[in-house]
Amino acid sequence: MVDKFFKKLSKKVGFLIGIFTLIFISGFPFVVMFFSSLKTERQQYTFPPTLIPEGGITELTLENYINVLNPEIFPFFRFFGNSFLVASISAFVAVFLAIFGAYSFARLRYSGRKFLQRSIILVYMFGGILLIVPLYQIVVSVNLANTHFALILVYLMQVLPVSLYMLGNYFRSVPYEIEEAAIIDGCSRIGAIFRVVIPLSKPAIIAVYIYAFMISWNEYLFASIFLRSPSLHTLPIGLEQLFYTEHFVWGRMMAASILTALPIIILFLGVEKYMTEGLTAGSLK
Amino acid sequence: MLKKIINLFEKEKYLGWFLIFPSMLIIAGLIFYPVLYNFYLSFHEVIIGIEMSYVFVGLSNYIDLLTDSGFWHSVYLTLVFTFSTTLISTIIGFFAALLLNNKFKGRFLVRGIVLFPYAAPVISLVFAWRYIFHPVFGQFNYLLTSVLGVIPEPIAWLEMPRYALIAVIVFNSWRMFPFAFLMLIARLQAIPQDHYDAAKVDGATFWQRLRYIILPQMMFVIATIFLLRGIWNIYKFGEIWLLTRHLNVLSVYAYRTAFSQFNQGMAATITTSMFLMLLGFIILYIKKVLKW
């Protein structure tokens with residue numbers, strides 16, 4: 001009896017230790033980011049490292065946030081706006097095209113479809129780094145270097161395959177009967193897509209949009225190759241370049257980091273369930 | 001009615017192609033064509049001027065590359081990085097999935113926190129980790145020297161190539177474990193409850209359940225994670241370059257060759273070689289591990 005009690009207790013304690021280790025590992029860098037963003041430059045440099053400055057919690061300040069949000073001190077809004085523009089347009093076009101493409105894969109029967117589907121899977125074997133030289137050459141030769149347009153095209157290319165894949169998985173899970181009924185009632189295929197498929201897959205479509213948005217929001221490689229003028233910089237390249245200038249202040253970079261991450265984390269957690277379903281559908285045999 | 005349906009099938013042929021056409025055009029034009037173009041460039045020297053011009057140099061880029069010891073060192077670093085990061089992130093993801101497969105209060109909150117590293121943009125995370133890896137004021141050195149006493153002296157993790165490899169592996173394993181976690185927990189939750197019940201009746205311990213019930217069911221997902229993450233890690237650039245400039249993996253080597261030395265023909269040779277090596281690995285992996 002006592003033996004059983006201790007066995008149960010040790011199991012419970014082990015489990016709790018596991019959970020707290022997990023929370024610590026995942027969350028600690030964010031805690032560091034958060035407290036650093038509230039400290040003055042002098043307070044950053046303490047040994048041993050502390051999260052809260054010596055004088056206690058009242059020593060913390062919002063000064064970094066005020067400075068980061070002031071366009072005369074820190075170009076945060078400009079970078080944010082550029083990132084938002086590029087990411088929202090490329091994600092929108094990708095999802096729009098992928099709805100029709102994925103529908104074609106999921107519902108229509110025609111010769112050559114298997115071949116096209118396989119070639120989309122093949123894309124997984126390529127990475128952005130393989131394309132830096134040829135895309136740079138092409139972009140320069142058609143005079144699109146240093147434009148957002150070039151970046152939007154490249155991001156569209158990067159998110160389109162995964163959007164096709166995810167949406168295809170969702171469409172296959174929507175019962176075909178409803179669509180069939182609409183078609184028999186005289187609705188065309190295209191009409192059925194707009195009136196039946198899109199409304200029924202709305203959460204999935206939003207999830208794919210946010211996933212595509214996140215990928216573009218994160219992208220550094222092509223932005224660093226294509227964009228020269230600081231006025232066009234997106235967040236990753238803009239913040240990175242500030243790190244190497246005299247404007248570099250730890251607290252400000254941390255405040256900017258939090259403001260960059262927060263909207264994305266919230267969006268991600270909001271649609272994570274649908275995203276995971278779409279991404280893992282193929283591998284859960 | 002019947003005529004209408006036949007008519008529909010007749011039209012579907014064209015409709016199918018019509019609907020996928022714009023997507024295929026973009027993928028073909030911006031992925032497949034550039035990859036071929038890259039292959040073509042790898043046999044040329046690219047002269048950058050007002051007009052770009054290409055001089056055919058045959059295999060000389062490849063010969064220069066394969067006889068360059070710096071290249072082989074990059075291959076070595078890339079393989080160590082890819083393998084360690086994939087392995088560590090899968091192991092952490094696996095334990096996280098096992099823990100969160102239990103029902104408890106606050107489970108959804110913990111799940112949310114676990115996803116933070118994966119959801120947050122890289123640029124935000126690298127600033128936090130550059131601070132954590134700071135040689136004097138960083139928490140990482142403090143933990144290893146003063147708390148655990150594993151190393152006697154603080155280390156400049158991001159400034160020395162030897163240690164940069166470790167720092168990059170730590171950072172990327174941390175960032176990518178939630179991906180493995182998501183795939184693994186989805187599979188765990190699909191294991192039917194009666195499997196566990198049967199094991200319980202037989203009096204199986206936790207380790208026995210892990211070994212004989214959970215692991216066999218997970219093998220396919222684990223193999224898939226290894227394949228996908230392996231490919232993505234070999235090509236990884238931003239998560240390495242943004243954390244430290246002192247780790248010359250193949251992607252960094254190609255980037256520098258293309259945009260610091262502006263030797264774009266050689267950069268094309270490096271990336272083409274990367275792709276060919278990966279192709280070899282994938283074929284081997286699919287044949288030996290996945291046994292398709």
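The values are calculated or read from the model by the stated rules, or taken from the named source; none is laboratory data. Keep in mind the model is a prediction, meaning the values are calculated, not measured. Don't worry about glycine lacking a Cβ; one is built from the backbone with ideal geometry, like all the others, and counts go over all protein chains shown.
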Residue satisfying all of: in region A:1-58; among the small types (G, A, S) and more than 19 Å from B:L125 (Cα to Cα); farthest from the other protein chains (Cβ to nearest Cβ) among these: A:G56
Mind listing just one residue for me: the one in region B:237-259 that is at the interface with chain A (Cβ under 8 Å from one of its Cβ atoms) and not aliphatic (A, V, I, L, M) and, of those, nearest to A:F226 (Cα to Cα)? B:F259
How about region B:1-113: which helices (runs of 4 or more DSSP H) wholly inside it have at least 1 residues that are small (G, A, S)? B:2-27, B:60-66, B:69-100
First in region B:276-292 and closer than 13 Å to B:L228 by Cα, second anywhere and at pLDDT 90 or above, Cβ under 6 Å, 6 or more apart: B:L278/B:I234; B:L290/B:A223
Could you identify the single residue in A:Y176, A:Y244, A:Y165 that is over 26 Å from B:I27 (Cα atoms) and either touching a helix residue (DSSP H, G or I) at 6+ places or on another chain (Cβ under 8 Å) or crowded, with 21+ Cβ neighbours inside 10 Å (or both)? A:Y176
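The rows are residues; the columns are (1) within 11 Å of chain B (Cβ to nearest Cβ); (2) surrounded by fewer than 15 Cβ atoms within 10 Å (Cβ to Cβ); (3) touching a residue at least 60 places away in the same chain (Cβ under 8 Å).
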{"residue": "A:L60", "(1), (2), (3)": "no, no, no"}
{"residue": "A:N70", "(1), (2), (3)": "no, yes, no"}
{"residue": "A:P75", "(1), (2), (3)": "no, no, yes"}
{"residue": "A:A91", "(1), (2), (3)": "no, no, yes"}
{"residue": "A:R107", "(1), (2), (3)": "yes, no, yes"}
{"residue": "A:Y110", "(1), (2), (3)": "yes, no, no"}
{"residue": "A:R118", "(1), (2), (3)": "no, yes, no"}
Restricting attention to region A:154-175, does a residue exist that is within 11 Å of chain B (Cβ to nearest Cβ), free of Cβ contacts under 8 Å to residues at least 12 places away in the same chain and within 17 Å of the chain's Cα centre (by Cα)? yes
Tell me yes or no: at least one residue of region B:206-215 is surrounded by 20 or more Cβ atoms within 10 Å (Cβ to Cβ), more than 25 Å from A:N218 (Cβ to Cβ) and either more than 10 Å from chain A (Cβ to nearest Cβ) or not β-branched (V, I, T) (or both). yes
Could you grab me the full set of residues in region B:146-155 that are of a type outside the set (A, V, I, L, M) and buried (at least 16 other Cβ atoms within 10 Å of the Cβ)? B:P154
Residue check: is A:L122 surrounded by fewer than 21 Cβ atoms within 10 Å (Cβ to Cβ), closer than 30 Å to A:I237 by Cα and aliphatic (A, V, I, L, M)? yes
Note on region B:92-104: residues more than 11 Å from every other protein chain (Cβ to nearest Cβ) and within 11 Å of B:P178 (Cα to Cα) are B:F94
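Checking the condition modelled with pLDDT of 85 or more, surrounded by fewer than 21 Cβ atoms within 10 Å (Cβ to Cβ) and within 30 Å of A:F47 (Cα to Cα), which residue from B:L188, B:L158, B:L143 passes?
B:L143
Check region A:183-192 and report whether any residue there is within 10 Å of chain B (Cβ to nearest Cβ), closer than 29 Å to A:L262 by Cα and touching a helix residue (DSSP H, G or I) at 6+ places or on another chain (Cβ under 7 Å).
No; the residues of region A:183-192 include none that is within 10 Å of chain B (Cβ to nearest Cβ), closer than 29 Å to A:L262 by Cα and touching a helix residue (DSSP H, G or I) at 6+ places or on another chain (Cβ under 7 Å).
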Are there any pairs with C-beta distances below 7 angstrom linking a residue in region A:245-274 that is more than 7 Å from chain B (Cβ to nearest Cβ) to a residue that is β-branched (V, I, T), with the two at least 6 apart or on different chains, and if so which? A:G251/A:T40; A:R252/A:V68; A:A255/A:V68; A:A256/A:V68; A:L259/A:V68; A:L267/A:I210; A:V271/A:I206; A:V271/A:I210
If I filter region B:67-77 for residues that are in contact (Cβ under 8 Å) with a residue 12 or more places away in the chain, of a type in the set (S, T, Y), more than 8 Å from every other protein chain (Cβ to nearest Cβ) and surrounded by 23 or more Cβ atoms within 10 Å (Cβ to Cβ), do I get at least one hit? no
Kindly indicate which of B:I169, B:I225, B:I155, B:I213 is in contact with a helix residue (DSSP H, G or I) (Cβ under 6 Å, 6 or more places away or on another chain) and not in a helix (DSSP H, G or I). B:I155
